[in-house]
1. Name the pairs: first residue in segment 89-106 and under 26 Å from Glu201 (Cβ atoms) and within 10 Å of the ligand (Cβ to nearest atom), second residue modelled with pLDDT of 95 or more and of a type in the set (Gly, Ala, Ser), Cβ to Cβ under 7 Å, at least 6 apart or on different chains?
2. Within segment 74-89, identify whether any single residue is among the acidic types (Asp, Glu) and either part of a helix (DSSP H, G or I) or open to solvent by less than 30 Å² (accessible area, probe 1.4 Å) (or both), and answer yes or no.
3. Kindly provide the set of residues from segment 157-182 that are in contact with a strand residue (DSSP E or B) (Cβ under 6 Å, 6 or more places away or on another chain) and more than 22 Å from Glu123 (Cβ to Cβ), ordered by number.
4. Take the residues in segment 183-199 that are part of a loop (DSSP other than H, G, I, E, B) and basic (Lys, Arg), then tell me which one is nearest to the ligand (Cβ to nearest atom).
5. Collect the residues in segment 218-233 that are surrounded by fewer than 19 Cβ atoms within 10 Å (Cβ to Cβ) and outside any helix (DSSP H, G or I), keeping them in residue-number order.
6. Check segment 125-138 and report whether any residue there is within 12 Å of the ligand (Cβ to nearest atom), in contact with a helix residue (DSSP H, G or I) (Cβ under 6 Å, 6 or more places away or on another chain), under 30 Å from Ile286 (Cβ atoms) and open to solvent by 10 Å² or more (accessible area, probe 1.4 Å).
7. Within segment 17-49, work out how many residues are of a type outside the set (Val, Ile, Thr) and either in contact with a Pro (Cβ under 8 Å, 6 or more places away or on another chain) or within 13 Å of the ligand (Cβ to nearest atom) (or both).
8. Of the conditions (1) surrounded by 23 or more Cβ atoms within 10 Å (Cβ to Cβ); (2) more than 7 Å from the ligand (Cβ to nearest atom); (3) among the hydroxyl-bearing types (Ser, Thr, Tyr), Tyr180 clears all except one; give me its number.
Amino acid sequence: MNPNSLIEQMAETKKRTVLITGSSTGFGRRATTLFLEQGWRVIATLRNSEDRIQIFQEELQKYGEQIQICSLDVTSSEEIQKISVFIQNKFKNQLDCLINNAGYAQVGALEDLSEEQIRKQMEVNFFGTVLTTQALVPALIKTKGKIIFISSVLGITGMPLVSLYCASKYAVEGFAESLYHELKPFKVPVSIVEPGRFLTEFGSNILWGMRSFSQTSPYKESTENYKKFKESLSHAPHIPNAIQMAKTLVDLAEMKKMPLRVRCGKDVQATFWLKRLLPEWMITRIFSIAFQKKYYTLNEDK
Ligand SMILES: NC(=O)c1ccc[n+]([C@@H]2O[C@H](COP(=O)([O-])OP(=O)(O)OC[C@H]3O[C@@H](n4cnc5c(N)ncnc54)[C@H](OP(=O)(O)O)[C@@H]3O)[C@@H](O)[C@H]2O)c1
């Protein structure tokens, strides 16, 4: 055998493999490119990959076999199963890192949401994360691979009009923290990343409550205020972009010892420390005044 091709083959087998859910946009998309640049093999998963393969055109040309694009709607048991079989067959059941990133925000007051919207939020952000992880744990145990969960600042504090999103991220936090201990004997490290506000497609992918903007909703004006506030942030220069999160994810995946939690962004750091240092009654009061002012008293100003 040609010694050069042997060296190439050895380098190829030494490449680590990461699977990212929700890699079509935002954090997942940026992380895909950065992992490839760092020499990782990336299984970039997204919904309906066949129709959207052009999203990765540049990477496909540049990295060839180093990137594998697969369909994965995290709410589809069938697709989760297919991914697990794909990893068994193509990668001999070896996976060095799983990044549970797929998610969206269902916004709207509880009364304005349909049952379907409520269930869907948990189905994608929580059950999708749980079932994807469950299917890939054997491969991760085999490789002593890492699991990274993307939570949110709203996984550490509640906020009006996003109760379901908060619930889904709090659920992810409890699940991931338990798994941290459960998988420790198997040397599978688990980490939870808590991003604050970042500029991605997240804002434009928000789903609003079925009745959020209806004249009959008592929350109509506060939801409109929330929407205006969100829109005003979409070009705010102080908000970090997805590249910084992608760097955090690559750093974590390459770290010898991952911490259980990583907070990304000044807003999440501030929230965390305020909640930690102030008595609960005080921080609840501060947050309550801030939320009332931002979303509710705006109406009275009119
Ligand atoms: N950006 C922020 O400020 C922020 C802050 C805190 C936490 N987060 C969290 O960070 C993660 C990534 O968000 P992002 O900011 O990168 O937003 P994004 O640009 O909207 O990306 C979300 C990704 O999730 C995918 N997704 C949604 N539903 C899915 C499903 N059923 N199956 C598979 N994939 C699905 C989307 O795919 P499609 O293209 O198919 O819709 C997209 O690729 C989310 O979990 C979000 O909750 C974001």
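The values are calculated or read from the model by the stated rules, or taken from the named source; none is laboratory data. Note that the structure is a prediction, hence the values are computed from the model and not measured. Ideal geometry is used to build each Cβ from the backbone, glycine not excepted, and the neighbour counts take in all protein chains shown. Ligands, DNA and RNA are stripped out before the accessible areas are found, and what is left, the full protein with its side chains, is counted by its heavy atoms. Shrake-Rupley method; radii C 1.70, N 1.55, O 1.52, S 1.80 Å.
1. Ile99/Ala31; Asn101/Gly22; Asn101/Gly28; Ala102/Gly22; Ala102/Gly128; Gly103/Gly22
2. Yes: segment 74-89 contains one or more residues that are among the acidic types (Asp, Glu) and either part of a helix (DSSP H, G or I) or open to solvent by less than 30 Å² (accessible area, probe 1.4 Å) (or both).
3. Tyr180
4. Applying the filter and picking the extreme gives Arg197.
5. Pro218
6. Yes: one or more hits.
7. Number satisfying all stated conditions: 15.
8. That leaves (1) as the condition not met.
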